[in-house]
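Below are the structure tokens for one structure; questions will follow.
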Amino acid sequence: MRGRLLLCAFAVAAVMLVPTGAASAGTPGNWTQFTTSNLHNFAEPGLARTADGVLHVVWHRPVSASSDDLMHTAISRTGGVVGGPVTIESGWQGLNAQPDLVAAPGGTSLRVFFAGTHTLTLDDTLNYQLLTATAGPDGSSWSAPQRVTSSSHPSYASAGIGAAMAPNGTPVVAAGDPGNIFHFGIGGPDFVYESRAGMNVYDPGVGVDSTSRQAVLAWFSLGDASEGTYARAITPSGPSGSTVFLPGSASADRRSANPPLQRTAITGRLGDSGVYIAYGVGYPSRTSVALARFGGGSLTVGRGTSIDNVAIAPAPEGRLWVTWSDGPKIYAVRTNKAATRVGPRVAINRPPGSVSVFGVFGEGSLGTLDLIANSGTASNAVAMWHTEVLPPLELRARGGRGSVTATVTDAGDPVAGAAVAAGGRRGTTNGQGVATLKVARTGRVTVKATKGGYRAASAGARVLRPKKKKR
């Protein structure tokens, strides 16, 4: 069991789409539904961005008890849905509900990975296999599916599919039980990454170091012993080095653990080194979120009472977004350029009418986070929604005699060019993120900092009366 109930099974629920023509659709603070309302609560999207800034989403659509479709939706860089959904594959007997999507280097094309039961014909070569299809950068027309591996593996029921694109253009993909395989490129051999007897493997994810090109696979193992989240370096020739247990992802004796409930959160950084894994820490409840660099180093990026659905996404300048759900809220933080600390936590309300969040996913390569939530209502309508999250400014304000000094940062990194206002005066931060304003008012004043592409920040400062000049 994946730890969540199947609310909609294969029944066909309402398929109405929420209108997407409003100008505010998908922008910060606004959610847009972009799928039908009959999804499985364990469905996961595949996300990739092309060179034009468009975010591409692939998702699984149940049609009937014996018919599934694989769909594509495009979301513009301003948060609006582009056109209607495009059908990648239709009329399958059953499709895995966790496809993944990658873009070629430079965002010049798209490649989806999926699996399923194509027909009830025994010799159908598409049945049960890990498959791929490609499209141009607009995602409007997709190739016929082909097998990824030269070996036969029953991937149609895989507990998750995860993929990444290496800087040299080689796709890397992994599938969970049954099979527990990973694969580089298309064709050729595949390799098993978890072979311990009695272990069930869920939710594999793949990250690739953008400088060293080292690929790392992370997954969750559940069984009789040594449960928890694990990671291991992988190569086109097979696994490399030892398997690493992520501390806190299981009970102290590793005999009990909570599945992550979605694809294991792992990624490389944009233009910088390292592969990072985000995961919930604690048992029986997850009470914190850890961000670990594969090979050493970890920090706590969030705390809560019942953390689920941890996700990660790279952002410009080596930054990382980490998101999770906790009760009625979804939370997001973004790191500094060195990925050694995070800025203020952003709280996001669930989509309209939502009573449950089953999955949280993100893409942050433009700086702003495109946030996707698999969300359910009280009437068991399950759909995917999109919104945007702006990174928050941090503001420290210090009052002086007749002045206020404001320091504006982004997770500790100075922010130049931010507008600062206090006591009726305005200024702009310099290269160190600092602005000093002469303020006539005395006492407590409110200082505000704003900049395009960021959430505004405010702080208080106490201004003292200037010293009188001696005659």
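The values are calculated or read from the model by the stated rules, or taken from the named source; none is laboratory data. Worth saying up front: this structure is predicted, and the values here are computed from it rather than measured. All Cβ positions, even for glycine, are placed from backbone atoms using ideal geometry, and neighbour counts span all protein chains on display.
For E394, all conditions in the list (1) over 21 Å from L55 (Cβ atoms); (2) acidic (D, E); (3) buried (at least 22 other Cβ atoms within 10 Å of the Cβ) hold save one; what is the number of the exception?
(3)
Can I ask one more? Among the candidates T409, T446, single out the residue that is under 27 Å from L366 (Cα atoms), in a strand (DSSP E or B) and among the hydroxyl-bearing types (S, T, Y).
Just a single option satisfies the conditions, and that option is T409.
Going by what's in this entry, would G185 be described as of a type outside the set (A, V, I, L, M, F, W, C), modelled with pLDDT under 90 and either closer than 23 Å to P105 by Cα or buried (at least 18 other Cβ atoms within 10 Å of the Cβ) (or both)?
Answer is no for this residue.
Could you please find all residues in segment 429-471 being surrounded by 15 or more Cβ atoms within 10 Å (Cβ to Cβ) and at positive phi?
Matches in segment 429-471: G433 only.
Select from segment 28-60 the residues that are over 19 Å from R111 (Cα atoms) and of a type in the set (S, T, Y) and write down the one among them that is surrounded by the most Cβ atoms within 10 Å (Cβ to Cβ).
For segment 28-60, the residue satisfying everything is T35.
Still on this structure: Among the listed residues A378, A347, identify the single one that is modelled with pLDDT of 95 or more and assigned by TED's automatic domain parsing to the domain that holds T267.
One residue alone meets the criteria, A347.
Also, quick follow-up: Does S273 satisfy the criteria of being out of contact with any strand residue (DSSP E or B) (no Cβ under 8 Å at 6 or more places or on another chain), of a type outside the set (D, E, K, R) and modelled with pLDDT under 95?
No.
Regarding segment 395-408, can at least one residue be identified that is of a type outside the set (A, V, I, L, M, F, W, C) and within 24 Å of the chain's Cα centre (by Cα)?
no
Would segment 249-261 turn up any residue that is acidic (D, E) and in contact (Cβ under 8 Å) with a residue 40 or more places away in the chain?
no
For W92, all conditions in the list (1) touching a His at 6+ places or on another chain (Cβ under 8 Å); (2) under 17 Å from T36 (Cβ atoms); (3) in contact (Cβ under 8 Å) with a residue 40 or more places away in the chain hold save one; what is the number of the exception?
The number of the failed condition is (3).
Here's something else I'd like to know. List the number of the failed condition for Y230; all other conditions in (1) out of contact with any Gly (no Cβ under 9 Å at 6 or more places or on another chain); (2) over 22 Å from L299 (Cβ atoms) hold.
Evaluating Y230 over (1) out of contact with any Gly (no Cβ under 9 Å at 6 or more places or on another chain); (2) over 22 Å from L299 (Cβ atoms) leaves (2) as the failure.
A follow-up question, please. Can you tell me which condition R426 does not meet? The list is (1) over 24 Å from P314 (Cβ atoms); (2) in contact (Cβ under 8 Å) with a residue 12 or more places away in the chain, and all the others hold.
It is condition (2) that R426 fails.
Take the residues of segment 259-274 that are among the hydrophobic types (A, V, I, L, M, F, W, C) and out of contact with any Lys or Arg (no Cβ under 7 Å at 6 or more places or on another chain): which is surrounded by the most Cβ atoms within 10 Å (Cβ to Cβ)?
A265
Also, I was wondering about something else. For segment 343-378, enumerate the residues that are of a type outside the set (G, A, S) and either farther than 30 Å from A51 by Cβ or in contact with a helix residue (DSSP H, G or I) (Cβ under 8 Å, 6 or more places away or on another chain) (or both).
Matches in segment 343-378: P344, R345, N349, R350, P352, V355, V357, F358, L366, T377.
Can you pull out the residues in segment 406-423 that are surrounded by fewer than 20 Cβ atoms within 10 Å (Cβ to Cβ) and either touching a helix residue (DSSP H, G or I) at 6+ places or on another chain (Cβ under 8 Å) or touching a residue at least 60 places away in the same chain (Cβ under 8 Å) (or both)?
G412, D413
Read through the list (1) assigned to a loop (DSSP other than H, G, I, E, B); (2) without any contact (Cβ under 8 Å) to a residue 40 or more places away in the chain, then give the number of the only condition that L366 fails.
Of the numbered conditions (1) assigned to a loop (DSSP other than H, G, I, E, B); (2) without any contact (Cβ under 8 Å) to a residue 40 or more places away in the chain, the odd one out for L366 is (2).
Here are S256, S285, S212, S240: which of them is over 28 Å from A104 (Cα atoms), surrounded by fewer than 23 Cβ atoms within 10 Å (Cβ to Cβ) and over 22 Å from the mean Cα position of the chain (by Cα)?
Result: S256 is the single residue among S256, S285, S212, S240 that is over 28 Å from A104 (Cα atoms), surrounded by fewer than 23 Cβ atoms within 10 Å (Cβ to Cβ) and over 22 Å from the mean Cα position of the chain (by Cα).
I've got another one for you. Please verify whether T235 is crowded, with 21+ Cβ neighbours inside 10 Å, modelled with pLDDT of 95 or more and of a type outside the set (D, E, K, R), treating the condition exactly as stated.
Spelling it out, it is not the case that T235 is crowded, with 21+ Cβ neighbours inside 10 Å, modelled with pLDDT of 95 or more and of a type outside the set (D, E, K, R).
Is it the case, given these coordinates, that L120 is crowded, with 16+ Cβ neighbours inside 10 Å and out of contact with any helix residue (DSSP H, G or I) (no Cβ under 9 Å at 6 or more places or on another chain)?
no
How many residues, within segment 370-387, are buried (at least 24 other Cβ atoms within 10 Å of the Cβ) and closer than 27 Å to K448 by Cα?
Going through segment 370-387 one residue at a time, the tally reaches 2.
Something else: When the residues of segment 308-324 are filtered to those that are over 9 Å from the mean Cα position of the chain (by Cα) and of a type in the set (G, A, S), which remaining residue is surrounded by the most Cβ atoms within 10 Å (Cβ to Cβ)?
Filtering segment 308-324 for residues that are over 9 Å from the mean Cα position of the chain (by Cα) and of a type in the set (G, A, S), the one surrounded by the most Cβ atoms within 10 Å (Cβ to Cβ) comes out as A315.
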